[in-house]
Structures are given as structure tokens and as C-alpha cells.
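Colleague: I have a structure here, written as C-alpha cells, and I will follow up with some questions on it.
The values are calculated or read from the model by the stated rules, or taken from the named source; none is laboratory data. These numbers were taken from a predicted model, which means no experiment stands behind them. Neighbour counts run over all protein chains shown; Cβ positions are idealised from the backbone, glycine included. Surface areas here come from the heavy atoms of the whole protein model, side chains and all, with no ligands, DNA or RNA. Shrake-Rupley method; radii C 1.70, N 1.55, O 1.52, S 1.80 Å.
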Amino acid sequence: MTSITVRRVRLPFWPAASLAVVGWLIAWFAAAPFAAWFAYDLLGLEQSSHLGDAVAFFAFDVPKVLLLLLGIVTVVTLIRGFFPPEQVRTTLVGRGEFAGTVGAAGLGIVTPFCSCSAVPLFIGFVEAGVPLGVTFAFLISSPMVNEIALVLLWGLFGPGVALVYMAAGLTVAILGGLLIGKLHMERYVEDYVWALQGTGGAAIEIKLTWEERVRDAWTYTRDLVRRIFPYVLVGIGIGAFIHGFVPTELVVAIGGPGNPLAVPLVVLIALPLYSNAAGTIPIVQALLGKGMALGTTLAFMMAITAISLPEFIILKKVIKTPLIATFATIVTIGILFVGYLFNFLMYAP
């Protein structure tokens with residue numbers, strides 16, 4: 001018998017990338033009609049019913065959030081490839097305290113990390129000689145004001161809310177970093193961390209082609225989405241439940257503009273929770289739709305991503321309790337201030 005060899009046809013890179021962009025756009029505009037068809041035609045649920053609205057919310061948000069993560073995060077990651085961690089640390093070393101703190105907070109936007117990365121990043125910054133306050137400005141900004149949060153906020157709520165969130169997060173990060181720097185709390189960093197200072201080797205610069213950069217960005221985004229999408233699905237599920245079943249009156253009573261204790265209440269609720277920004281945004285979307293005040297909602301999102309107990313437990317490996325307590329107190333006060341400020345600006349008579 002004659003064996004037949006099947007040869008896989010592989011498209012050239014750039015035509016394949018162009019087809020992927022076209023497919024992304026088609027899927028984006030088809031998401032809303034698909035959600036309506038799935039909930040009300042295929043499943044036969046009644047429009048404006050609790051279950052129908054919840055299912056339609058879920059069926060619309062899953063593809064929309066997934067497309068935002070896959071598409072725009074790939075582009076932002078491609079840009080971020082020009083700012084490797086070694087270059088970030090080198091950029092921050094030797095700057096003045098104020099300029100370094102502002103720069104660190106800004107760089108946190110394009111160099112996101114999760115709580116599991118807090119320890120190696122902290123050690124890397126200290127090893128490179130970055131001041132403690134500048135390091136904390138980065139640690140505050142990076143999980144709270146990262147590209148995933150901004151991309152999803154922009155896509156779901158528009159540029160206004162996204163830019164407000166970015167400005168608020170950067171303000172908290174800059175002021176927190178400056179204050180920690182002024183308090184001179186270096187003695188509360190574990191001794192073995194300081195022993196590593198100046199031991200790092202020189203960074204090796206690697207030249208990449210555009211195709212290699214795009215492939216690396218796509219690989220990073222694909223792996224990132226695989227890791228965080230379970231959290232996103234849980235967040236969308238909770239958001240769908242809130243959207244379909246939680247009475248608007250209850251949300252307004254707890255988190256509406258008329259409750260002066262709403263901001264500290266949601267911060268306390270957020271403390272024991274753990275999620276990345278992508279997982280919280282579908283919940284935020286549902287809460288805003290039910291009448292929760294914007295400042296209260298932003299405070300809730302910031303608290304989950306910036307002052308979660310899991311991150312403090314991880315940071316305990318490299319810093320001592322007084323510094324963790326100071327860090328948590330400063331960031332909490334900053335978040336409360338942001339929540340009350342935006343509630344005042346949005347809803348003051």
C-alpha cells in the first residue's frame with residue numbers, strides 16, 4: 001500500500017495576523033446579537049425576566065471580555081515589550097525622589113503583575129538600588145492601574161470612567177510612595193533582602209524582529225488569559241446574578257450616593273477577597289448598573305486589587321509587620337479619599 005503524507009498548510013505570519021484582526025472585529029460586533037439570540041430565542045427565556053436578563057448579561061460579557069483581553073492586551077503587551085523589567089529598574093535608579101515615585105507609578109501601568117510576583121519584584125527593585133518609597137509606588141500602581149483594568153473599563157464603560165480610574169489609582173500610588181519614602185522605614189525590610197543589593201548582573205539586550213515581538217506578545221496574552229479567565233468567569237457569573245436578581249433598591253441602599261458609610265463598608269467587604277482587576281470588572285459593571293455610586297464602586301475595585309490579604313501574606317516574606325501595616329493604612333486612606341471625592345464630584349447638589 002502507498003502511504004499518503006498529509007502536509008499541513010501554514011499561512012504566512014502577516015496574512016494570518018490580518019485574518020485574526022478581521023475575525024476579532026466580526027466577533028466583537030456579533031457579541032450583542034448572539035447574547036440576545038442565545039437567551040431569548042434559543043433558550044426561550046422571557047425578555048426583562050430575572051433569569052433572562054442574567055443569562056443575556058452572561059452570554060454578552062463572556063465573549064466581550066474575552067475579546068478585549070485577547071485583542072487589546074496583545075497590543076499593549078507588544079508595546080510593553082520595549083520596557084523590560086531590567087530597563088524599568090535602571091530607569092528608576094538615580095532619579096530624584098519625586099520624579100522616581102511618579103515614574104514608578106506610571107511604569108506600573110504597563111508592567112502589571114499579580115500578587116504572586118510581588119516578592120521577586122520587590123527584591124529586584126531593592127537589589128537594583130531603587131529607593132523604598134519608589135518601590136512601593138510601583139507595587140501599588142501595578143496591580144491596581146494595569147493595562148487589563150484600563151482596557152476592560154474603556155471597553156465596558158467608555159474612556160471617561162477608565163481615565164478617572166487611572167488618575168485616581170496613580171494619585172494613590174504616588175502619594176503612598178512619597179509618604180513611605182518620607183517615613184524612612186528601611187529597617188522594616190528583612191535583612192537578607194538588603195544583602196542582595198548590588199549583586200545583580202548586567203542586563204543583556206536582545207534584538208527582536210517585529211514578527212518575533214508580535215508572536216511573543218500573543219504567547220504572553222494567551223497564557224495570561226488561560227490563567228485569569230476562570231476568575232473572569234466567576235466575576236461575570238456574580239455580575240450576571242447581581243444584574244438579574246439583586247433588587248436595585250438594595251444596591252442603592254447599601255452603596256448608593258445617599259449612604260455616607262458606603263465607601264468604608266465596601267472597602268471592608270473587599271479586604272478578605274482576592275481577585276485581579278479583570279475578575280472584578282464584571283461585578284463593578286453590574287453594581288454600577290444597579291445604582292451603586294461611582295466613587296464607591298471604584299473604591300471597591302481598588303481595595304480588592306491593592307490591599308487584599310493574600311498580597312500582604314506574600315509580602316510578609318520580605319518586609320516586617322510595621323511596614324505592611326503602614327503600607328495598608330496609607331493605601332486604605334487613599335482609597336477612601338478617592339471614593340468620597342468622586343462621590344462628591346458626581347453627586348453633590
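Colleague: Got at least one residue in the range 101-113 being among the polar types (S, T, N, Q) and either at pLDDT 90 or above or open to solvent by less than 40 Å² (accessible area, probe 1.4 Å) (or both)? Explain how you work it out, then say what you get.
Modeller: If we filter the range 101-113 for residues that are among the polar types (S, T, N, Q), which is where we start, we get 101, 111.
Filter once more, so that each one left must be either at pLDDT 90 or above or open to solvent by less than 40 Å² (accessible area, probe 1.4 Å) (or both): 101, 111.
Yes, the range 101-113 contains a residue that is among the polar types (S, T, N, Q) and either at pLDDT 90 or above or open to solvent by less than 40 Å² (accessible area, probe 1.4 Å) (or both).
Colleague: Looking at (1) at pLDDT 70 or above; (2) open to solvent by 90 Å² or more (accessible area, probe 1.4 Å); (3) among the aliphatic types (A, V, I, L, M), which one does Val65 not meet, given that it meets all the others?
Modeller: Exception for Val65: condition (2).
Colleague: Go over the candidates Val193, Val267 one by one and state the one that is at pLDDT 75 or above, within 21 Å of Leu315 (Cα to Cα) and in contact with a Phe, Trp or Tyr (Cβ under 9 Å, 6 or more places away or on another chain).
Modeller: On the way: Val193 fails: at pLDDT 75 or above.
Only one candidate passes the filter, namely Val267.
Colleague: Residue check: is Ile319 in contact with a strand residue (DSSP E or B) (Cβ under 6 Å, 6 or more places away or on another chain) and in contact (Cβ under 8 Å) with a residue 40 or more places away in the chain? Please lay out each step first, then the result.
Modeller: On the way: in contact with a strand residue (DSSP E or B) (Cβ under 6 Å, 6 or more places away or on another chain): yes; in contact (Cβ under 8 Å) with a residue 40 or more places away in the chain: yes.
Criteria met by Ile319.
Colleague: If you don't mind, there's one more thing I want to ask. Any idea which residue in the range 21-62 is modelled with the highest pLDDT, counting only those that are assigned to a helix (DSSP H, G or I), acidic (Asp, Glu) and open to solvent by 30 Å² or more (accessible area, probe 1.4 Å)?
Modeller: If we filter the range 21-62 for residues that are assigned to a helix (DSSP H, G or I), which is where we start, we get 21-42, 50-62.
Those left that are additionally acidic (Asp, Glu): 41, 53, 61.
Adding the requirement that they be open to solvent by 30 Å² or more (accessible area, probe 1.4 Å) leaves 41, 53.
Values: Asp41: 89, Asp53: 86.
Among those that are assigned to a helix (DSSP H, G or I), acidic (Asp, Glu) and open to solvent by 30 Å² or more (accessible area, probe 1.4 Å), it is Asp41.
Colleague: When the residues of the range 291-314 are narrowed to those that are touching a residue at least 24 places away in the same chain (Cβ under 8 Å) and surrounded by fewer than 19 Cβ atoms within 10 Å (Cβ to Cβ), which ends up nearest to Gly155 (Cα to Cα)? Let's see the steps before the verdict.
Modeller: Our first condition is that a residue be touching a residue at least 24 places away in the same chain (Cβ under 8 Å); within the range 291-314, this holds for 291-311, 314.
The next check asks that each one be surrounded by fewer than 19 Cβ atoms within 10 Å (Cβ to Cβ); those that pass are 291, 309-310, 314.
Details: Gly291: 20, Leu309: 29, Pro310: 28, Ile314: 32 Å.
Among them, the one singled out is Gly291.
Colleague: List every residue pair whose Cβ atoms lie under 9 Å apart, where the two residues are 6 or more positions apart in sequence or sit on different chains, the first residue falls within the range 158-170 and is open to solvent by 40 Å² or more (accessible area, probe 1.4 Å), and the second residue, located anywhere, is of a type in the set (Lys, Arg) and in a helix (DSSP H, G or I).
Modeller: Listed pairs, sorted by first residue: none to list.
Colleague: Show the residue pairs that are 6+ apart or on different chains and have beta-carbon atoms under 7 Å apart, the first residue being within the range 240-262 and open to solvent by 30 Å² or more (accessible area, probe 1.4 Å), the second being not in a helix (DSSP H, G or I).
Modeller: Partner pairs satisfying both residue conditions: Thr248/Lys290; Thr248/Gly291; Val252/Gly291; Ala253/Asn259; Pro257/Ala293.
Colleague: For the range 308-345, enumerate the residues that are closer than 17 Å to Met166 by Cα and of a type in the set (A, V, I, L, M).
Modeller: Once the filter is applied, which keeps residues that are closer than 17 Å to Met166 by Cα and of a type in the set (A, V, I, L, M), the range 308-345 yields Val331, Ile335, Leu336, Val338, Leu341, Leu345.
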